[in-house]
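Asker: Sending over a structure as structure tokens; questions will come in a sec.
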Amino acid sequence: MTRGYIKSDYRLERMPLRIGQDPCLGYWIAYVRNNHVLLTNCLQIHPLWMENSKNVIGEIPLHALMIPGTHNSGSWKEYDGPSSDTVFLRYLVNQDESVYNQLMHGIRYLDIRVGYYTSSTNGEKFWVNHNFYRMRPLSSLINDVKKFAQETKEILILDFHRFPVGFDGRRDRHGQLVEYIDEELNQFMVPSSFWPNATPNEIWSANKSIIISYSDTRTAQQYPNLWPPLPQEWGDKRTLPDLKSFLNESIKKRGVKGQIWAAMAEFTPKPLDIVLRPTQGLRNMAQSVNIPITYWYHDKIWFTKSNVIASDFFLGNNLIQMSIDSNYKRAKCI
């Protein structure tokens, strides 16, 4: 199979996204031979891909579907050219689309890390963190999720995976966080009694759409709307051969477990990279990974055994469309 890509320096206009709009965003590509257009495609969003695939994926357990996700989903900042990019931010920002836009594009898994701060200029105590650095109030992420859930029936997985600041030795703060999540999202939350084999149809029949996975097991066991910790396969890799080998082994290990799990398909910088490689950053690291992982998941073993795949700067790969297509292929084999 011939593979390749064309890289241009054309910068696409950022535009607001809304339910009901033409999914094509006005940018097209065509395959032309001898002045004849043989094939076309457009840059498009997939806000309703699960609902539109209901007849295909409805009876397949979520752990047997390929689900596109983002790593450090709340660590986002709209890119506005080199002037908006500092050395510090290059190693903090993992996405350049808001959480709402991530969901509109087709992302269905959010990787969330929460910090607790007793003092804040705006009174917010819970923040989305990238490790020990707070990025934005958690309320902004929750509001984006809530808006999308009100507009669609798409099934979302919110993985509250780490609590790097303010939670050690303070179990009461886990309780406060869960109470806040429940207050905002309760009407959408899928009860843990649906774990681990829930299908989309079962969730839709209950008129629910949001799965909350909570990595603190003790807390998760205390609340009926919290799912158990979701395993993340994170390799801490910095080269393509090492990352590919790790993901391949993760698929072999997790692909037959019958439980939702996430492959973290991105490079991880070293602590000294910010000093030794100040111009690189997470965006350039993602650019090195995103096209290869798109090719890797074309492999039948990979796309039939994978579940959640989380990436940095997700628009640099084609995992959303691949997930939609691979779920159709899986359905034919069941």
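The values are calculated or read from the model by the stated rules, or taken from the named source; none is laboratory data. All values reported here derive from a predicted model rather than from experimental measurement. When we count neighbours, we look across all protein chains shown, and the Cβ atoms used for this are built from the backbone with ideal geometry, even at glycine. Ligands, DNA and RNA are stripped out before the accessible areas are found, and what is left, the full protein with its side chains, is counted by its heavy atoms. Shrake-Rupley method; radii C 1.70, N 1.55, O 1.52, S 1.80 Å.
Asker: Roughly how many nanometres apart are two label points built 7 Å out from the Cα toward the Cβ at residue 187 and residue 218?
Answerer: Taking the two extended label points, one gets 3.5 nm.
Asker: Something else: Report, ordered by chain and residue number, the lysines lying within cross-link reach of residue 270, taken as a straight Cα distance under 18 Å and ignoring same-chain residues fewer than 8 apart.
Answerer: 237
Asker: What's the Kirkwood radius of the stretch 218-283 in Å, using all Cα pairs?
Answerer: Every distinct Cα pair counted, the radius reaches 14.3 Å.
Asker: Can I ask one more? Pairing rule first: another cysteine's C-beta must sit under 4.7 Å. Under that rule, which cysteines of the chain stay single?
Answerer: Within the chain, the cysteines lacking a partner Cβ under 4.7 Å are 333.
Asker: Any idea what the dipole of the stretch 236-275 comes to, in debye rounded to 20, about its Cα centre with Lys/Arg Cβ at +1 and Asp/Glu Cβ at -1?
Answerer: In total the dipole reaches around 220 debye.
Asker: How large is the convex hull of the C-alpha atoms of the stretch 267-331 per residue, in Å³?
Answerer: Spread over its residues, the Cα hull of the stretch 267-331 gives 81 Å³ apiece.
Asker: Within the chain, what's the longest run with no chymotrypsin sites (Phe, Trp or Tyr not before Pro) in a DSSP loop and at most 10 other beta-carbon atoms within 10 Å? Give the range, please.
Answerer: Between exposed loop sites, the widest span is 133-334.
Asker: Then there is this: Enter the accessible area per residue of the chain (Å², integer; probe 1.4 Å; all protein chains in place).
Answerer: 50
Asker: Any chance you could list P(r) for the stretch 206-320, counting all Cα-Cα pairs in 5 angstrom bins from zero, rounded to whole %?
Answerer: 2, 11, 18, 19, 17, 14, 11, 7, 2, 0, 0
Asker: Over the chain, what is the percentage of antiparallel beta bridges among all DSSP beta bridges, to the nearest 5?
Answerer: 35
Asker: Rounded to two decimals, what ratio of Rg to Rh does the chain give with C-alpha atoms and a Kirkwood Rh?
Answerer: 0.95
Asker: Could I ask something else about it? Ignoring any ligand, DNA or RNA, what whole percent of the accessible area of the stretch 1-91 comes from carbon and sulfur when the probe is 1.4 angstrom?
Answerer: Carbon with sulfur: 53 percent of the solvent-accessible area.
Asker: Continuing with the same structure: Using a Förster distance of 22 Å, how high is the FRET efficiency between residue 236 and residue 259, based on the Cβ-Cβ distance and rounded to 0.05?
Answerer: Step by step, r from the Cβ atoms, then E = 0.50.
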